[in-house]
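**Q** After the structure tokens below, expect a handful of questions from me.
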Amino acid sequence: MKVRPPPFLLTLFSVIALWAVVTETGLLRHRAVAGPIDTGRALLEGFADGTLGADLGATTLRVVLGVGLGLLVGLPLGLWIGTSTRRRDLLEPGMDFLRAIPPLLVFPLLLLVFGYGDRARVGVVAYAAALVIALYVVAGIQRARPERVRVLRAMGASRWQMLRWLHFYEVLPGSMTALRHAVATGLVVAVVTEMVVGAPAGLGSRAVNAQIAYDAPGIYAVILLTGVVGSLAGHALLALERRVIFWAG
Amino acid sequence: MDAPGGEAGGPLIALDGIGVTLGSSPILADVSLSVDPGERLAIVGHNGAGKSTLLDVMLGLRPIDAGTLSVLDQAPPAKGVGFVPQEPGASLLPWYTMRRNIVLPLLARGDSGSACDRALAEVQGRLDPERTLDLDARPENLSGGQRQLGALMRALIAEPRLLLCDEPFSALDPGARARMRERLRSACEAPGGPALVLVTHDIEDMLSLVDRVVVLSGRPATIAHSIDSGGASARADIERALAS
């Protein structure tokens, strides 16, 4: 039986082959260019001496803590705003305004509040995550099927029962999508905050340090690793979403 | 005032001069209606005539602008009312099994798990003695007729004194429709069965399920005709009223 490889593997090998051809043959020479062999070596050496693992761990921890905190704030906040027309009318314009502001602009403010430490970095990731999650939850409640609302209200369900039996489940698909967006945004925000205010460890500070040392393979290694981690996290959350939210598909 | 709520023969539903406006559009005007214990009533009218709005008023889901109303001697939403909506299948919660969906009215009033189990067995015995409905299935895995049966069981499990149905059979094929009609009729005719208010377009529903048909018409809508559906000329009277 003829076995066909998954299409993404073909794409991956094609890109690496092209990358190897233009760099290893000397077709493209520049100090900002590194080939796949040097990049692979930088990755292996980084993991072997433990520094790349430590940087990856530090960034991942900031993203996990920030998104977790954002979920803890954003989910109840979205439910609180979304379950009341009055609150939604009062607060939604404010949320739209905040959504228009790049989360990274809040970082200097958090530095003033928390000082030059991880609390400010985690805080800005949490702020970005809470905002996107709350917005998705509010939208999810608005999309609740009217017949379901009608039946539960007609049977005299309390507000708490409505929240537990209906709104929580209605907003889950949107919340999972929001979580994927929050993780992707959180990774960007965490890496950038590590770059602009040097963190003791982290993929962002590792990239800046590699740039200062003219270490192009080191920069490529960070870029590749960040892409792989972000992509894996996105796919893992998507798989979880499909498994948990069986009714949405 | 008569003793309301059917305790001493008073009406279960008493609407007097009800008016409802949606935005700036008046939907209902001066609607007066009463439903007695054991009575089965159909509300009919053209699309957009305000039938579902009137049902929502009875359920306490729509505020009124004029008139007075009481349902089971309470200001709606009243306890003791069962409801089957227009799309019963769509109103079932897809994340729960049918068992859980059906007992929700009991859980909403705080009944224990064992009380729910007893009531479920009882309602299943009455409406589905052959056990055709898989209670452990989720709604998405059932046919339209089975979902409909589940929605009817949900509406009747708390033994309501009044059952409100909003075009409950509109999505069913003729065979399933006839079976569901028979189930609904026998549930209402059983001793202690609920009074029925049925919004429908189907003249067979009107002739086989109810005692009286009220026709909503006009803009804003009001009750234009009230027809005894047991009369010899009922079919012709209803068709004439709907055509007028």
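The values are calculated or read from the model by the stated rules, or taken from the named source; none is laboratory data. If you're wondering where the values come from, they're calculated on a predicted model, not measured in any experiment. Methodologically, a virtual Cβ is constructed for each residue, glycine included, from the backbone with ideal geometry; neighbour enumeration extends over all protein chains shown. These area figures cover heavy atoms from the full protein model, side chains too; ligands, DNA and RNA do not enter into them. Shrake-Rupley method; radii C 1.70, N 1.55, O 1.52, S 1.80 Å.
**Q** Tally time: how many residues in region B:134-146 are over 20 Å from B:Arg185 (Cβ atoms) and open to solvent by 10 Å² or more (accessible area, probe 1.4 Å)? Spell out how you get there, then give the answer.
**A** To start, the set of residues in region B:134-146 that are over 20 Å from B:Arg185 (Cβ atoms) comprises B:134-143.
Checking the rest, the ones that are also open to solvent by 10 Å² or more (accessible area, probe 1.4 Å) come to B:134-138, B:140-143.
Final tally of qualifying residues: 9.
**Q** Also, quick follow-up: Within the bounds of region A:226-243, is there any residue that is without any contact (Cβ under 8 Å) to a residue 12 or more places away in the chain and closer than 28 Å to B:Gly89 by Cβ?
**A** Let us first name the residues in region A:226-243 that are without any contact (Cβ under 8 Å) to a residue 12 or more places away in the chain, namely A:227-228, A:231-232, A:235-236, A:239, A:242-243.
Going one step further and asking which of them are closer than 28 Å to B:Gly89 by Cβ, we end up with A:242-243.
Yes, region A:226-243 contains at least one residue that is without any contact (Cβ under 8 Å) to a residue 12 or more places away in the chain and closer than 28 Å to B:Gly89 by Cβ.
**Q** Identify the residue in region B:197-244 that is of a type in the set (D, E, K, R) and in a helix (DSSP H, G or I) and, among all such residues, is least open to solvent (accessible area, probe 1.4 Å). Spell out how you get there, then give the answer.
**A** If we filter region B:197-244 for residues that are of a type in the set (D, E, K, R), which is where we start, we get B:202, B:204-205, B:211-212, B:219, B:228, B:235, B:237, B:239-240.
Subsequent filtering for residues that are in a helix (DSSP H, G or I) retains B:204-205, B:235, B:237, B:239-240.
Numbers: B:Glu204: 76, B:Asp205: 2, B:Arg235: 103, B:Asp237: 44, B:Glu239: 95, B:Arg240: 148 Å².
In this case the residue turns out to be B:Asp205.
Yes/no matrix, rows are residues, columns are (1) part of a helix (DSSP H, G or I); (2) away from every other protein chain (no Cβ under 12 Å); (3) of a type in the set (Asp, Glu):
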{"position": "B:Leu104", "(1), (2), (3)": "yes, no, no"}
{"position": "B:Ser114", "(1), (2), (3)": "yes, yes, no"}
{"position": "B:Arg118", "(1), (2), (3)": "yes, yes, no"}
{"position": "B:Arg126", "(1), (2), (3)": "yes, yes, no"}
{"position": "B:Pro129", "(1), (2), (3)": "no, yes, no"}
{"position": "B:Gln146", "(1), (2), (3)": "yes, yes, no"}
{"position": "B:Arg154", "(1), (2), (3)": "yes, no, no"}
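**Q** State whether one or more residues within region A:118-140 are away from chain B (no Cβ under 14 Å), more than 27 Å from B:Glu167 (Cα to Cα) and free of Cβ contacts under 8 Å to residues at least 12 places away in the same chain. Before the answer, list the steps.
**A** Here is the first cut: in region A:118-140, the ones away from chain B (no Cβ under 14 Å) are A:118-139.
Now narrow it down to the ones that are more than 27 Å from B:Glu167 (Cα to Cα): A:118-139.
Right, trim to free of Cβ contacts under 8 Å to residues at least 12 places away in the same chain and you get A:119.
Yes: one or more hits.
Results for (1) within 14 Å of the chain's Cα centre (by Cα); (2) under 16 Å from A:Arg150 (Cβ atoms); (3) hydrophobic (A, V, I, L, M, F, W, C), shown as yes or no for each residue.
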residue	(1), (2), (3)
B:Ala29	no, no, yes
B:Ser52	yes, yes, no
B:Asp56	yes, yes, no
B:Gly60	yes, yes, no
B:Ala66	no, no, yes
B:Tyr96	no, no, no
B:Ile102	no, no, yes
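**Q** A further question on this structure: Would you confirm, using the coordinates I've provided, whether A:Arg119 is part of a helix (DSSP H, G or I), in contact with a Leu (Cβ under 7 Å, 6 or more places away or on another chain) and open to solvent by 30 Å² or more (accessible area, probe 1.4 Å)? Let's see the steps before the verdict.
**A** Details: part of a helix (DSSP H, G or I): yes; in contact with a Leu (Cβ under 7 Å, 6 or more places away or on another chain): no; open to solvent by 30 Å² or more (accessible area, probe 1.4 Å): yes.
Criteria not met by A:Arg119.
**Q** Could I ask something else about it? Would you pick out the residues in region B:83-99 that are modelled with pLDDT of 90 or more and either more than 9 Å from chain A (Cβ to nearest Cβ) or closer than 20 Å to B:Ala171 by Cα (or both)?
**A** Looking only at region B:83-99, we keep the residues that are modelled with pLDDT of 90 or more, and these are B:83-84, B:92-99.
B:Phe83, B:Val84, B:Leu92, B:Leu93, B:Pro94, B:Thr97, B:Met98, B:Arg99 - these are the residues of region B:83-99 that are modelled with pLDDT of 90 or more and either more than 9 Å from chain A (Cβ to nearest Cβ) or closer than 20 Å to B:Ala171 by Cα (or both).
**Q** Does B:Arg161 meet the test of being in contact (Cβ under 8 Å) with a residue 60 or more places away in the chain, open to solvent by 40 Å² or more (accessible area, probe 1.4 Å) and under 17 Å from B:Pro105 (Cβ atoms)?
**A** Numbers: in contact (Cβ under 8 Å) with a residue 60 or more places away in the chain: yes; open to solvent by 40 Å² or more (accessible area, probe 1.4 Å): yes; under 17 Å from B:Pro105 (Cβ atoms): yes.
Judged against the criteria, B:Arg161 is a match.
So that you can scan it fast, the table gives a plain yes or no per residue for (1) within 29 Å of B:Ala108 (Cα to Cα); (2) outside any strand (DSSP E or B):
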{"residue": "B:Ala29", "(1), (2)": "no, no"}
{"residue": "B:Ser32", "(1), (2)": "no, no"}
{"residue": "B:Gly38", "(1), (2)": "yes, yes"}
{"residue": "B:His46", "(1), (2)": "no, yes"}
{"residue": "B:Ser52", "(1), (2)": "yes, yes"}
{"residue": "B:Met58", "(1), (2)": "yes, yes"}
{"residue": "B:Pro63", "(1), (2)": "yes, yes"}
{"residue": "B:Thr68", "(1), (2)": "yes, no"}
{"residue": "B:Pro77", "(1), (2)": "yes, yes"}
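**Q** May I ask you to list the residues in region A:141-172 that are within 14 Å of another protein chain (Cβ to nearest Cβ) and of a type in the set (S, T, N, Q)?
**A** A:Ser158, A:Gln161
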